[in-house]
Every structure is written in C-alpha cells, then in structure tokens.
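Trainee: Got a structure here, written out as structure tokens. Questions coming.
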Amino acid sequence: MPAPSLDVNGQAVALPGSAQATLLHVLRNDLGLNGPKYGCGLGQCGACTVWLDGVPARACVIPAQGVAGRCVTTLEGLASPAGLHPVQQAFIDEQAAQCGYCLNGMVMMAAALLAREPDPDEAAIRRELSRNLCRCGTHVEIVRAVQRAAVLLRGAGEGA
C-alpha cells in the first residue's frame, strides 16, 4: 500500500510515517521549505501560516497525517515561474520587512485577503493581519504593502 501523500505547491509529496510530526515539521525539515517559520508552536503567532486547500491555516498545530490528500501552498508556492506573486513584490517594494520572521504569515494572510476582497480598506487589512504578531513594529509598511499589492492585483499599474 502506498504511503499517504499530499500536494505541496503543486507537487505530490509522501508523508512521513511519524504520527507526531506536524505539517510545519514536514514542510521545513523534510521538504526544506523555509517560508513557514516556527514561532510559538501554539498556532497563535502566524509565523507558520500556509494555505490548506486555499484557506490560511497554522501549520505548527496541524498533524501531518491529517492532511493526506489535501493541497498545501507555502510562501514558496505563491511565486510562479514568471516571477513573484504581487503580494511578495509589494512587500519588497514597500520595504515591509525588518527581522522578517513574521513575513511568511503576513504575506500568506494578505494574499488570502486579496483573493477574497480585491479592494480592502485599511481597517479590513488590519483586521485580517491582527492575529499575526510582528514584534519589530513594521505594521505601517506592512499595511502599505498590502495596499500596493491590491493595486497590482487589480492591474492598475505599479504606483500605489
């Protein structure tokens, strides 16, 4: 019988046999995907955010065996061969990183928000990102990056 598998960024991946492994452990340690970070280990800080079947999820609290047959998208999977995802590019353009630890969660949550709501106001952006902790204080730049990404995604050009 074949080992259970899941789709990670468009590639079929066999799950390890360990029942204790979390999805985050598999992504980082077994697959070498370093976008999702280990932060609190309790699903509260957002550093480990991935998309599970297109919905943001905290990978540090999800048993790997529980995601067999599902689709996982990581920060690395947002980009395409043509280039970075507009949210990733906007975070670079707005210099929205300081230490960078929270960026995985911020980018993944922002991209999910913009997929649902192409023109969010600042309050909606702040609400969406409120469960992602940033200790460096780059919130202003992060909000600007999400606003820029919304413009990019709407095809309005590069100026925000």
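The values are calculated or read from the model by the stated rules, or taken from the named source; none is laboratory data. Worth saying up front: this structure is predicted, and the values here are computed from it rather than measured. All Cβ positions, even for glycine, are placed from backbone atoms using ideal geometry, and neighbour counts span all protein chains on display.
Trainee: Just to be sure I understand the filter: pairs with C-beta atoms under 8 Å, separated by 6 or more residues or on different chains, first member in region 115-137 and on the phi > 0 side of the Ramachandran plot, second member in a loop (DSSP other than H, G, I, E, B) and surrounded by 12 or more Cβ atoms within 10 Å (Cβ to Cβ). Which pairs pass?
Mentor: GLY137/GLN98
Trainee: A further question on this structure: For region 108-133, which residues satisfy the criterion of being surrounded by fewer than 13 Cβ atoms within 10 Å (Cβ to Cβ) and either assigned to a loop (DSSP other than H, G, I, E, B) or of a type in the set (Ser, Thr, Tyr) (or both)?
Mentor: Result: PRO118, ASP119, ASP121, SER130.
Trainee: Starting from residues that are polar (S, T, N, Q) and within 17 Å of the chain's Cα centre (by Cα), keep the ones in region 128-146 and report whichever is farthest from GLY43 (Cα to Cα).
Mentor: Filtering region 128-146 for residues that are polar (S, T, N, Q) and within 17 Å of the chain's Cα centre (by Cα), the one farthest from GLY43 (Cα to Cα) comes out as SER130.
Trainee: Mind checking whether some residue in region 78-95 is in contact with a Gly (Cβ under 9 Å, 6 or more places away or on another chain), part of a helix (DSSP H, G or I) and not aromatic (Phe, Trp, Tyr)?
Mentor: yes
Trainee: Consider GLY105 carefully, then state whether it is over 24 Å from CYS136 (Cβ atoms), in a helix (DSSP H, G or I) and modelled with pLDDT of 95 or more.
Mentor: Against the criterion (over 24 Å from CYS136 (Cβ atoms), in a helix (DSSP H, G or I) and modelled with pLDDT of 95 or more), GLY105 does not qualify.
Trainee: Which of the residues that make up region 1-33 are loosely packed, with under 14 Cβ neighbours inside 10 Å, at pLDDT 95 or above and part of a loop (DSSP other than H, G, I, E, B)?
Mentor: Answer for region 1-33, where residues must be loosely packed, with under 14 Cβ neighbours inside 10 Å, at pLDDT 95 or above and part of a loop (DSSP other than H, G, I, E, B): GLY10, GLY32.
Trainee: Just wondering, is there one or more residues in region 75-85 that are surrounded by 20 or more Cβ atoms within 10 Å (Cβ to Cβ), farther than 23 Å from LEU15 by Cα and touching a residue at least 24 places away in the same chain (Cβ under 8 Å)?
Mentor: Yes.
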